[in-house]
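So the structure is just underneath, and the comments pick up after that.
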Amino acid sequence: MIDPSLEPPAPSLEPQVPVAARIVAFIEVLLCSDFPTQIAIGGTLQALGYGPPVHGPLTIGYVVALSLGDAALLVLLILLMLWAHGERPSAVLFGRGPLGRAPIAREILVGIPLILAALVIGATVILALQKIAPSLRTVPDNPLKDLMRSPRDAWLFALVLLAAGGVREEIQRAFLLHRFDVWLGGPIVGLLVTSIGFGAGHLIQGVDVAIATGLLGMFWGYVFILRRSCVAPMVSHAGFDLIQVVQFLGLK
């Protein structure tokens, strides 16, 4: 009789991810983290003579050019990376297989009530932080309000929020979560990392806003993980941002 302790261990049924694939995925995550593309677009605008003002607040024209240019470059970069790996962008981003159609209309309907959910999350976190830790409000007035000096500016800013916020950020989030899910430790790791990064990107609006934004990013990321489509998070995110514009205009 063979001693069970001497039997070789059963082979793992889980495929091992090659180290090279993990390194490539990590590089892709860094490239699509938003900082490289913003630096590239910002440097290009600077070279063309359209840099940010040396003194004074940012102008709406510069913010529109930087945001839309960054959105276009980042989405193109994501598509190229997916194609390079033989992945279908429609399947990765929208849950659409080669033989099936993505239920876009259904996902839009799912996303509409999630606008209210996002508003409740954002308001609850901000109010709770103001009550528990008021020192986290490091920026008294949101600097983005200064960009909306007229109805024209508000329309331009709304365009930026739709393209660079609702669309680009949710495509970016879906891609990054997919990379973590397949190559970099799983969806939960990806959800934590992307949420922290999303919040850190809003520190210019204050620590309290950054925390609330990070939790909102976690909410939208969780919806993507559940549904494997970025349409519902995209609708929720865009609606949330547009309501912020209306709110800012009402306070002016």
**Fill in**
Counted residues in the stretch 136-156 being in a helix (DSSP H, G or I), touching an Asp or Glu at 6+ places or on another chain (Cβ under 9 Å) and open to solvent by 40 Å² or more (accessible area, probe 1.4 Å) come to 1
**In the stretch 217-230, residue farthest from ILE115 (Cα to Cα) [restricted to those that are touching a Phe, Trp or Tyr at 6+ places or on another chain (Cβ under 9 Å) and open to solvent by 10 Å² or more (accessible area, probe 1.4 Å)]** = ARG228
**Asked** Quick one: what pairs do we get from the stretch 192-207, first residue in contact (Cβ under 8 Å) with a residue 60 or more places away in the chain, second of a type in the set (D, E, K, R) and open to solvent by 20 Å² or more (accessible area, probe 1.4 Å), C-beta under 6 Å, 6+ apart or different chains?
**Response** GLY206/ARG137
**Asked** Hey, any hits in the stretch 112-128 for a residue that's more than 21 Å from GLU170 (Cα to Cα) and either open to solvent by 60 Å² or more (accessible area, probe 1.4 Å) or not hydrophobic (A, V, I, L, M, F, W, C) (or both)?
**Response** yes
**Prompt:** Could you count how many residues in the stretch 93-106 are modelled with pLDDT under 90, out of contact with any Gly (no Cβ under 7 Å at 6 or more places or on another chain) and open to solvent by less than 30 Å² (accessible area, probe 1.4 Å)?
**Reply:** 1
**Message:** at pLDDT 75 or above and open to solvent by 80 Å² or more (accessible area, probe 1.4 Å): is that true of TYR50 in this structure?
**Reply:** yes
**Message:** For the list (1) assigned to a helix (DSSP H, G or I); (2) within 16 Å of the chain's Cα centre (by Cα), I need the number of the one condition that SER229 fails.
**Reply:** (1)
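May I ask you to list the residues in the stretch 233-250 that are surrounded by fewer than 24 Cβ atoms within 10 Å (Cβ to Cβ) and under 15 Å from the mean Cα position of the chain (by Cα)? I'd like the intermediate steps shown before the answer.
Filtering the stretch 233-250 down to residues surrounded by fewer than 24 Cβ atoms within 10 Å (Cβ to Cβ) leaves 235, 238-250.
VAL235, ALA238, GLY239, PHE240, ASP241, listed by residue number.
The values are calculated or read from the model by the stated rules, or taken from the named source; none is laboratory data. The structure displayed is predicted, hence computed values, not measured ones. A quick note on method: Cβ atoms are made from the backbone with ideal geometry, for glycine too, and the neighbour counts reach across all protein chains shown. Side chains are part of the model used for accessible areas, which takes the heavy atoms of the whole protein and leaves out ligands, DNA and RNA. Shrake-Rupley method; radii C 1.70, N 1.55, O 1.52, S 1.80 Å.
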